[in-house]
Every structure is written in structure tokens, then in C-alpha cells.
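Here's the structure we're looking at; comments come further down.
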Amino acid sequence: MISRHSYSLAFTLSALFLFLGCSPRTADVLVSEGFEPSETTAEDIINFMPVSSHAIHSVDGRAQAQASGPDYSEQATLFFTSDRAQSLLRIRNNLGIEGGRILTDPDSVLIYDRINQKAWKMSASDSRNMLLNGFTAFNILEFLLPELNADDVEAVFHDDSLWLLKLYDGKQMFVSKADGHLARIEMTSPTSKPDAFDTFIFSSHGSIAGVLLPRRIQILSNDRKSNIFLTIRGLEVNPSELSFDINIPESVYIERR
């Protein structure tokens, strides 16, 4: 395991997709939390959710980020380039210095510490242990605009204000009955580590680049002791050119873990 404070990289990130395979909560737990089986079908709920009038396959933009936990408080600007297969994040601290870049795909994570000129490549499962100062890597497109089909849904529950879609991959998606907005995503399972970031709460929905999206995202750890707040400041949808070049110099040795 890589120590949480092993590296001077300002914000080290571990991929969101690592949590998608977690075992789901049981139906009994959901009912005890106030959710009951719903007669509304997954297809009806998905059709009610607001979507873009055109397919969105990639985004490029920036977000202000603030992370806090029991022993840290950090701020950064995140520049992200994402499509459905991979994502490149560039992290700039509040002094304007770019501290690192992180490239993720479904199989691996590549981290480049630009300050110390070090790099690490690891499997998706191993990178789950590489966390620093509370920040976690993610493919922002996958939870800003998740691709969801009725066939992905195992069961539907509801309470007074939300539908809950329980997916076969273990994810739980909470949808507002009032307007169809995606309100929350949870990846919690009985085996989740206390400091694993597994709850994503969306708010301040509005039109960004002609697409209705949440402007603010809160990411919570399983034990609720750590928070990440993201505020989307700029977004280009389906840019004409995408670059996933992490730009590691040939002189930098890539340590494989």
C-alpha cells in the first residue's frame, strides 16, 4: 500500500471507476432507510430525466476544488479532459503551479508528479490505495452525464421525494421526483474502507454549454469525515480536438506497481 502522505504531489487521485464494482447494499438495508419498492419502471424514470438534445461523448473544462478532512485542507484548480474511455486531469495549486497530471483508463492509472519529476503506473485496483490530501481521481464525464439504460437497473425503490435505481454493478442512483435531476450516486458496500470516497451529491443544476448539468458536486468519504467540493467553472462539450498526452519527459522513470 502506498502511504497517504508519501509524495509531495499536491493532490493525488485514485480513479472513480474503482468503486463501480463494489458489492451493492441489500434491499433490506434500503427499506430500513425509508425506501420501498416502486411500481414506476426504470425506463419511465430514465425517460423523465432531462437529457441533452445531442449525444455527448467528450468534455473539456475546469473546476475549482476544495478538499478537507481530519488532518488536511487543500484547494486547487482542476483541468479535465474526458471521453467515455479515458480522462486526463491536471492539478494546479492556489499559487498557479501545476503539481501533477493523472491519466486514467478502465485498466490503469498513470500519475506524474511534475514537481519532483516522478511517475507511477499501476493497475486500477492498486491505485485505490494511492490517496493524498483527500482528493480522488475521476472521469468527470461518467458522473456528470452517465450513460444509463433500463437494462442496467436491477431494482427500483422510492421514498417521498426520490427514486432509487439499484444497478447491477453495485451503483445506486437517486433521481428527483420533482424534476428528474440526478441528485446522488452512491457506491457504498459493506467492504468499503472508511476513507473511500463513495458518495457524490449534485446541486445547483443549470445550463452549461447548452447542457443541463450540476454546477456543484460534493464528494463524501464513507465515514463522512472527509469532503471534496467541486464547482464547475468552464465546460466545452464535444470539443473538436482532445489530447490525452500526459507529457512525461523521457528522462523520468515510470515506476510500475
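Please determine whether any residue of region 1-12 is at negative phi, at pLDDT 85 or above and not in a strand (DSSP E or B). The answer is no; no qualifying residue exists.
For region 219-244, which residues satisfy the criterion of being of a type in the set (S, T, N, Q) and open to solvent by 50 Å² or more (accessible area, probe 1.4 Å)? Full working, then the answer.
Quick first cut of region 219-244, residues of a type in the set (S, T, N, Q) only: 221-222, 226-227, 231, 238, 240, 243.
Residues satisfying the conditions are Ser240, Ser243.
Here Asp28 meets the list (1) assigned to a loop (DSSP other than H, G, I, E, B); (2) modelled with pLDDT under 90; (3) surrounded by fewer than 19 Cβ atoms within 10 Å (Cβ to Cβ) almost entirely, failing just condition (1).
Report, by residue number, each residue of region 217-257 that is among the acidic types (Asp, Glu) and closer than 15 Å to Ser87 by Cα. Scanning region 217-257 gives Glu236, Glu241, Asp245.
Only a single criterion out of (1) under 19 Å from Phe48 (Cα atoms); (2) open to solvent by 10 Å² or more (accessible area, probe 1.4 Å); (3) at pLDDT 75 or above is not satisfied by Glu186, namely (1).
The values are calculated or read from the model by the stated rules, or taken from the named source; none is laboratory data. Quick caveat: nothing in here was measured; it's all calculated off a predicted structure. For neighbour counting, all protein chains shown are included, and Cβ atoms are generated from backbone atoms with ideal geometry for every residue, glycine included. Heavy atoms of the whole protein, side chains included, go into the accessibility calculation; ligands, DNA and RNA do not. Shrake-Rupley method; radii C 1.70, N 1.55, O 1.52, S 1.80 Å.
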